[in-house]
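Below: the structure, in structure tokens.
No value in this document is a laboratory result; all are computed from the given coordinates. What you see is a predicted model, and the numbers here were worked out from it, not measured in a lab. Glycine gets a Cβ as well: all are built from the backbone with ideal geometry, and neighbour counts include every protein chain shown.
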Amino acid sequence: MPDHDAEHIISELHAASLASLEQATTLDALEAVRVEALGRKGKLAEVSKSFGKLAPEERARVGKLLNTVKQDLEMRLEKRQDALASVARDARLESEWIDLTAPAPGVRPGSLHPITQVQRELEDLFVSLGFAIMDGPEVETEHYNFDALNIPADHPARDAQDTFWLKDGRLLRTHTSPVQLRALEKFGPPLKMIAPGRVFRNEEVDASHEHTFYQLEGMMVDRDVSVAHLLYFMKTLLSAIFHRDVTVRLRPGFFPFVEPGFELDIQCLICGGKGCPVCKHSGWVELLPCGLVNPAVLRHGGVDPEQWSGFAFGLGLTRLAMMRYGVDDIRLFAGGDLRFLRQF
Ligand code: PHE
């Protein structure tokens with residue numbers, strides 16, 4: 001084989017390989033091109049077999065050409081391979097792309113009930129003021145719910161109209177105040193505690209009355225506790241709750257377990273005082289009955305009223321949540337309507 005034939009064949013092979021390389025659109029097709037041109041049994045290998053017949057100086061020249069062509073093809077194959085690989089990678093990324101920030105299908109994230117949110121916020125506040133958080137039973141005895149709280153037998157709260165009585169003589173607690181006595185008995189003075197919880201009354205249900213609702217009881221017993229202490233804590237409480245100025249008024253209020261007793265009202269935040277169903281068209285909402293702990297209650301709790309005095313308050317948690325979130329119907333809280341609950 002004359003050397004120019006060899007050079008010609010090599011150039012043709014080079015050109016042909018470049019052409020099929022350009023046409024290869026997949027990595028497999030490209031590999032086939034490589035095997036055909038550069039493989040051990042490929043075209044260039046075949047050509048080099050015939051080198052033996054060439055004169056030594058021609059062999060050197062053709063060999064050099066062969067090497068150049070080999071290197072060129074290898075380099076171009078590699079480039080093409082990179083390009084095809086990145087196209088393949090992009091295609092795969094595109095087809096397998098998922099949005100990790102998208103909400104998962106099926107289960108939606110939940111949220112705390114609005115009353116729970118208000119309760120936790122108040123717990124944090126009172127804990128920061130040094131109050132302990134206490135719990136009491138929802139099924140109470142007549143003693144804790146009434147007698148020990150100085151509520152006489154002929155008090156209307158004892159009427160079957162207002163109280164759910166159990167057959168065994170116990171009852172569903174009508175307020176969280178029984179926890180006052182349980183706390184006094186368990187810990188004794190000095191004492192600062194709150195007791196949030198569920199209470200029950202046999203009420204006609206409407207936009208502002210439920211048979212089941214939440215209160216937060218508070219009590220402080222120490223030496224020389226006065227109305228000044230009560231006012232200080234109530235003011236701290238209200239500004240923390242509403243994050244704004246609310247108009248309040250104090251009225252005398254009667255509760256057998258406090259003396260003196262007060263009714264703390266706030267101007268209705270829903271209607272701004274104009275009158276609406278929540279404030280029973282009065283412009284004011286009873287928020288917080290409070291007063292100084294009646295000495296009779298201290299005595300029932302085993303505490304000497306000559307040595308100790310205290311204040312107590314009963315916050316309507318449910319009512320407070322209505323004020324806070326502008327809920328105009330108390331029945332929504334336990335109505336089970338997720339469209340309502342998902343707003344919080
Ligand atoms: N327990 C009373 C009620 O539910 C509220 C109250 C608590 C009043 C503490 C005064 C002091 O009506």
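Structure data summary
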read-out	value
Stokes-Einstein D for the range 3-96, Kirkwood Rh over Cα pairs, 25 °C, 0.890 mPa s (µm²/s)	171
Interchain or long-range residues, amide H under 5 Å from L315's placed H	L216, E217, G218
Highest-MSF residue in the chain out of D90, D206, D168 [GNM, Cα springs under 10 Å]	D90
Most mobile listed residue (P190, P109, P137) in the chain, GNM with C-alpha springs under 10 Å	P109
Over the chain, volume per residue of the alpha carbon convex hull, in Å³	270
Cross-link partners of K43 among aspartates and glutamates (Cα-Cα below 20 Å; sequence separation of 8 or more within a chain)	D3, D5, E7, E12, E22, D28, E31, E58, D72, E74, E78
Net length gained if the chain between E7 and I133 were fully extended (0.36 nm per residue, minus Cα distance)	35.7 nm
Residue-averaged [θ]222 nm for the chain, counting only DSSP H segments that reach four residues, each worth -39500 (n - 2.57)	-13500 deg cm²/dmol
Extension gain, A85 back to L250 (0.36 nm per residue minus Cα-Cα distance, nm)	51.5 nm
Cysteines in the chain lacking a second Cys C-beta under 4.7 Å	C290
Span-rule helices in the chain, defined as complete DSSP H runs reaching 18 Å or more along the axis (Cα) with Kyte mean at least -0.5	3-23, 114-128, 227-242
Length gained when the stretch W165-V35 is fully extended (0.36 nm per residue, less Cα-Cα span)	37.5 nm
